[in-house]
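Everything on this sheet refers to the single structure shown next.
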Amino acid sequence: MRSTLLALSLLSAAACAQDVEPGAHREGVVHVNAIKNPEMHSYRAIAAGLDTFDAQHALAPAVPQLRFAVRKRGGALLEGDLPTAKLAADAFTLALPVGADALFDVPRSQPAWDADAEVVLSRKRKEVRVWPYVRTPGLADNQRRLGDLRLECQVFVTVAKKEAPFWAVALANTVFLTGDWCSFFKDQDRTWSVNVESPLASAMLREGERTLPLKVKGRQFELPLYDASWGNDAVVDLAFVAPEGAAP
């Protein structure tokens, strides 16, 4: 498991380094945004994520479109003013409205592709992260659907692969023994970490009468994401830690 975490850490670090690599294009983006080292992603990588969402839509068929969530690095909700987001290049800019829920859409744009644009936020990378947001309508606030989480993983991996250098992708392929990284997380020794907005007391995977308690730590629960014995409609029921001073 340590080798798995090492591969993911190296991949993440390599992808981050790609985003802030010195160069006329990226320096122009940072200057326009007026923030040093903002959270940003390649539009072409995001577009590949949109393609993955379309190709694997059967994992979450009731979700109409892929959205992206802006959260604190640990998964918590943002505090203070919401950030702005935009597609930006030397000669191209397109605002991406961020809703009150800190969600935003990235449209398909040939001009953005041609300009090799970046999705740029008005917050520093060390403060926030952008994560694929797939959520089936009708779920309770304390529920997560397994197929939704599987699709989020597939989109995240697609974007990460596009942004990371070849050596990092090759390393991860070697560690995971597959190019489908999400399928590696399939049992109690190979779990996918899911961050949520509030501290957790417990998490339970449930499908019909079958249940499986999941490990929790802070705002995170560990999930055997691709255990084939669980269907896409299985649900994770979350119990959050009660705020201090709340009635029992």
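On a straight-distance basis, which aspartates and glutamates could pair with Lys72 in a cross-link, Cα separation under 14 angstrom, same-chain partners fewer than 8 positions away excluded? Excluding near neighbours in sequence, the set is Glu39, Asp81, Asp101, Glu127, Glu197. Dipole orientation for region 186-244: of the candidates Met204, Ala242, Gly218, Gly218 has the Cα lying most toward the positive pole (charges on Cβ; Lys, Arg +1; Asp, Glu -1).
For region 60-89, applying the loop criterion from DSSP together with a ceiling of 12 other beta carbons within 10 Å to the trypsin sites (Lys or Arg not before Pro) yields Arg73.
Find the all-direction average of the projected area of the Cα convex hull for region 119-248, expressing the result in square nanometres with one decimal place. Write out the running numbers ahead of the final one.
On the way: hull surface 42.2 nm².
The Cα convex hull of region 119-248, projected and averaged over all directions, gives 10.5 nm².
Throughout, read-outs are computed from the coordinates displayed, never taken from laboratory work. Only a predicted model underlies this, so the values are computations on that prediction, with no experimental measurement involved. Positions of Cβ are generated from backbone atoms using ideal geometry, with glycine treated the same way; all protein chains shown enter the neighbour counts.
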